[in-house]
Amino acid sequence: MSIASQHNLSAIWSTGQSGDFAILQLVPDGVLAVPAGLSLPEWIATVHAGDCAQQLAAVVAALAKRAPFDIELPLRCLDGAVRQVRVSGMPAAPGTCQGFITDLTAHYQALAAVRHQADEYRLLIENTTDLIAHCDTDGNYLSISPSYESMMGWDPARVVGQPVVEFLHPDDRPHSVQALSHVLGGGVVPHVVEVRKRHRDGHYIALGTKASAIIEPATGLCVGAVMVSRDITRDQEMLREYEERATRDALTGLPNRAWLLQHVDRLLADSTADTITAILFMDLNGFKEVNDTMGHAAGDLLLQLVSARLKHCMRSGDAVARLGGDEFVVAAACHDRAEAGAIAQRLIDALQAPFQLDDTPVQVGAAIGISLASSGAATTASLLHDADSAMYASKARGDGSFQIFTP
């Protein structure tokens, strides 16, 4: 078995609500085996190249608590190489997790080359782009790597002696103090602690920090801690961008079906005895004629203009999504049928004024079906099905009105 890094490995991964693990982007392509139907811990267990019990335990615990994590382990790859990698992840949409696999093989090979040199520690500290810091048992900085100045704008000499939490965002201090106190008490924090640290110019940088206690061999007592922090701003941005792409309709910018299903699930779960969940299923009248006579580009523009009007009809807390084609769905919490009907009428009225497509006025209407459910009385799927059925009843009348579903 050889450790190789001829081709550095990088990957973006995610887990669905069912827990199934999937790799979304992999470089080099095809270098990792990803059998279908495995959870992330099960996948790690199939491809690791050593004892990974501790790392697996950390991942399982982090997934259970929906907490960020960051582990390192050797992976056996399909090209015959064993790569030392970092697997990091954080919770995303409800019930899901996303993260990265980063190849650390070259990094560890570089360390091995200088391991027998007397200045190994100095080389590591002075040349790393991560922030490496040493604090005492009171939580004050004793030393900090030169990279602190390039990343945070502060001269490390001015930071020494300051409390570790001094430059953290106020909202991040409580959990950071708790984690550091646990480490200084001899405990282990297996996951990465996410914090926002203030740059000298005033803005905050997102960091993922891993802290380890320094134990005095002679006494067994903790004499401080070492903290390694990495800028995760871009990682968070990439995850947000991925989530945005996964839950938004590319044409209109409205939420898509995936987002809608989760939103309705939440509405049903949060409904009370005084509220009902209303689903308004809308299908445009006249859209096909625009597509057939003016072309698909005009049809796409019409959908964008319709979407803009629908968004302006939404009350605080209401949501409109595009399912596809000329079908839209509004989800709202209402007190009674009349309130749901008023929303439908407002949507119909919003489409009365013509739309301008290349200086050509175009008139479209809508047929709307409404389904209603009190707490625990329906599922998201049944509500959408019933609203769809009511919409077809409304469309059959041809009067551009709405219909409330009756079982």
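The values are calculated or read from the model by the stated rules, or taken from the named source; none is laboratory data. Bear in mind the structure is a predicted one, so any value in this text is a computation, not a measurement. All Cβ positions, glycine included, derive from the backbone under ideal geometry; neighbour counts span all protein chains shown.
Does A57 count as surrounded by 16 or more Cβ atoms within 10 Å (Cβ to Cβ), among the hydrophobic types (A, V, I, L, M, F, W, C), under 26 Å from the mean Cα position of the chain (by Cα) and not in a strand (DSSP E or B)?
Considered against the rule, which asks whether it is surrounded by 16 or more Cβ atoms within 10 Å (Cβ to Cβ), among the hydrophobic types (A, V, I, L, M, F, W, C), under 26 Å from the mean Cα position of the chain (by Cα) and not in a strand (DSSP E or B), A57 comes out as no.
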*Take segment 361-382 and flag every residue that is without any contact (Cβ under 8 Å) to a residue 12 or more places away in the chain, among the aliphatic types (A, V, I, L, M) and either surrounded by 13 or more Cβ atoms within 10 Å (Cβ to Cβ) or more than 24 Å from A396 (Cα to Cα) (or both).*
A377
*asked:* Residues to consider are D358, D349, D336; find the one that is touching a residue at least 60 places away in the same chain (Cβ under 8 Å), more than 21 Å from T277 (Cβ to Cβ) and not β-branched (V, I, T).
replied: D358
_Pairs, first closer than 13 Å to L40 by Cα in segment 85-113, second assigned to a helix (DSSP H, G or I) and not basic (K, R), C-beta under 6 Å, six or more apart_ = Q98/L239
*Scanning for something touching a Lys or Arg at 6+ places or on another chain (Cβ under 9 Å), in a strand (DSSP E or B) and buried (at least 19 other Cβ atoms within 10 Å of the Cβ), does segment 288-311 turn up at least one residue?*
no
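Tell me, which residue of segment 318-344 that is part of a loop (DSSP other than H, G, I, E, B) and over 23 Å from L251 (Cα atoms) is nearest to the chain's Cα centre (by Cα)?
Narrowing segment 318-344 to residues part of a loop (DSSP other than H, G, I, E, B): 318, 325-326, 335-336.
Those left that are additionally over 23 Å from L251 (Cα atoms): 335-336.
Working: H335: 33, D336: 35 Å.
Only one residue fits best here, namely H335.
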*asked:* I need the full set of residues from segment 9-43 which are modelled with pLDDT of 90 or more and farther than 20 Å from L239 by Cβ, in order please.
replied: L38, P41, E42
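Given the residues A377, A319, A332, which is the only one that is among the aliphatic types (A, V, I, L, M) and in contact with a His (Cβ under 9 Å, 6 or more places away or on another chain)?
The conditions single out A319.
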*Taking the stated definitions as given, is Q236 among the polar types (S, T, N, Q) and in contact with a strand residue (DSSP E or B) (Cβ under 6 Å, 6 or more places away or on another chain)?*
yes
*Could you please tell me which pairs satisfy a Cβ distance under 8 Å, a separation of 6+ or placement on different chains, a first residue in segment 215-238 that is assigned by TED's automatic domain parsing to the domain that holds L142 and on the phi > 0 side of the Ramachandran plot, and a second residue that is among the hydrophobic types (A, V, I, L, M, F, W, C) and in a strand (DSSP E or B)?*
G224/C135; G224/L142; G224/A213; G224/I214
*asked:* Please go through (1) of a type outside the set (D, E); (2) assigned to a helix (DSSP H, G or I); (3) modelled with pLDDT of 90 or more for M151 and return the number of the only condition it doesn't satisfy.
replied: (3)
